[in-house]
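Heads up, the thing below is written out as structure tokens.
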Amino acid sequence: MQSSEKLSSFHIVILVYITQLGVVIFSLPQMLSKAFGTHGWVMNLVFGAIVLLNILLIGAVYWLGKGRSIFVILQAVPKIILYPLYLAQMFIWSMLGCLVAKEYVLIFQMIAFPTTHPMFFKIALDVLVFCLMIQGIYNISKSTTMFFWLTVWMLPVIFFFYADFSWARLTPFLFRGGELSLKDFANIYTAYLGYELILMLFPYTDKKSKLIRSSIIGASITVLLYTYICFISFGFFSLKQLQRMAFPLLDLMAYIRFPFVERVENLFFGAFLFTTIVTVVMYLWAAQETALQMFKGANVKVVAAILVTISYIVAFFPESLSEVQLWLSFFAQIEIGTAFMLPILLLIVLALSKKKEAAAS
């Protein structure tokens, strides 16, 4: 990518928002109801606050590092430590991209094409992912903006449910009837992951882009959307219904009837293909950028092809949706740790580098 091409504030807002908006949203009300019980939708604001703190932590790296790439900052770390770190991060991001794609195609196959093998859909999705990966982050961001305008029509649909919304279902009791565990908390936080990839955007922005402010706006849009959808779900279904449903949002969409469209939930879920592609592309692009740091001079298309091919092969192993979700939960928990620990590591490296510079002068 040419140095003159910098991401605008609008592009960053949309990129963060779309990357976060994944298929977990379809099961998020159920996850909140099981973990927190009544008024579980309120917890979206708590998760949003944690996301905000993490973005500010990343912002500290951006400001102290003066916008330098994280790979430039990490050059101060010995290669014997750095390369295993790169390999681990490349593996985690590749697996997340792989599993997000497999989860989407399994759900899509289940609700629309139950007799078709899901890996046929996966290979079609991976071809699109590869075509976007090799274009660079600037063109990825422009494509993401186009996908945003293709999916924004879904937002007004959620206003159709006010007729059947009941305030009586929103009891005065707060967080009753839930069974919270640390694993449940991490699984719900998975719905917000994606924002941490702004660590990779440092060299593609300038002061005009206002990376951190734009990222906060993008993440805030996601938080408000999740909160609103979960609020509607808690007022549309009873707590017991929500706790039994696998995908409450799809069941919610099934109540919509148009004279010219049948099974609106299938159309709604199909439109999420665009947001899924962006999420998968961003994780695999981050893995690709990491690989290029290890193998200097490697061809971008070759690296992208290898990552996408490995991703496709690995996707054969978890066969059922429950297996995919179990794998995704495991790698998402690691990514949550990475989202906080990697900025802290970068801050430590920056502090030690400045201390060495001061001692040398």
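The values are calculated or read from the model by the stated rules, or taken from the named source; none is laboratory data. Model, not experiment: these values are computed from the prediction. Methodologically, a virtual Cβ is constructed for each residue, glycine included, from the backbone with ideal geometry; neighbour enumeration extends over all protein chains shown. The accessibility values were calculated without ligands, DNA or RNA, using every heavy atom of the protein model including side chains. Shrake-Rupley method; radii C 1.70, N 1.55, O 1.52, S 1.80 Å.
The table for this structure:
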{"quantity": "Test: residue in the stretch 94-109 that is open to solvent by 40 Å² or more (accessible area, probe 1.4 Å), closer than 24 Å to Ile336 by Cα and either touching an Asp or Glu at 6+ places or on another chain (Cβ under 7 Å) or part of a helix (DSSP H, G or I) (or both)", "calculated": "no"}
{"quantity": "Residue among Val280, Val264 that alone is open to solvent by less than 20 Å² (accessible area, probe 1.4 Å) and modelled with pLDDT of 90 or more", "calculated": "Val280"}
{"quantity": "Tally of residues being open to solvent by 10 Å² or more (accessible area, probe 1.4 Å) and in a helix (DSSP H, G or I) across the stretch 24-47", "calculated": "10"}
{"quantity": "Gly235, sole failed condition from (1) in a helix (DSSP H, G or I); (2) touching a Gly at 6+ places or on another chain (Cβ under 7 Å); (3) under 19 Å from Ser27 (Cα atoms)", "calculated": "(2)"}
{"quantity": "Index of the failed condition, Leu326 passing every other in (1) closer than 20 Å to Arg68 by Cα; (2) open to solvent by 90 Å² or more (accessible area, probe 1.4 Å)", "calculated": "(1)"}
{"quantity": "Residue identified as outside any helix (DSSP H, G or I) and either open to solvent by 10 Å² or more (accessible area, probe 1.4 Å) or within 25 Å of Phe148 (Cβ to Cβ) (or both) among Tyr255, Tyr228", "calculated": "Tyr255"}
{"quantity": "Enumeration of residues in the stretch 141-184 that are open to solvent by less than 50 Å² (accessible area, probe 1.4 Å), farther than 30 Å from Thr290 by Cβ and part of a helix (DSSP H, G or I)", "calculated": "Val152, Met154, Val157, Ile158, Phe161"}
{"quantity": "Which listed residue, of Tyr189, Tyr138, Tyr195, is surrounded by 14 or more Cβ atoms within 10 Å (Cβ to Cβ), on the phi < 0 side of the Ramachandran plot and in contact with an Asp or Glu (Cβ under 6 Å, 6 or more places away or on another chain)", "calculated": "Tyr138"}
{"quantity": "Complete set of residues in the stretch 136-155 that are of a type outside the set (Ser, Thr, Tyr) and within 20 Å of Gln20 (Cβ to Cβ)", "calculated": "Ile137, Ile140, Lys142, Met146, Phe147, Phe148, Trp149, Leu150, Val152, Trp153, Met154, Leu155"}
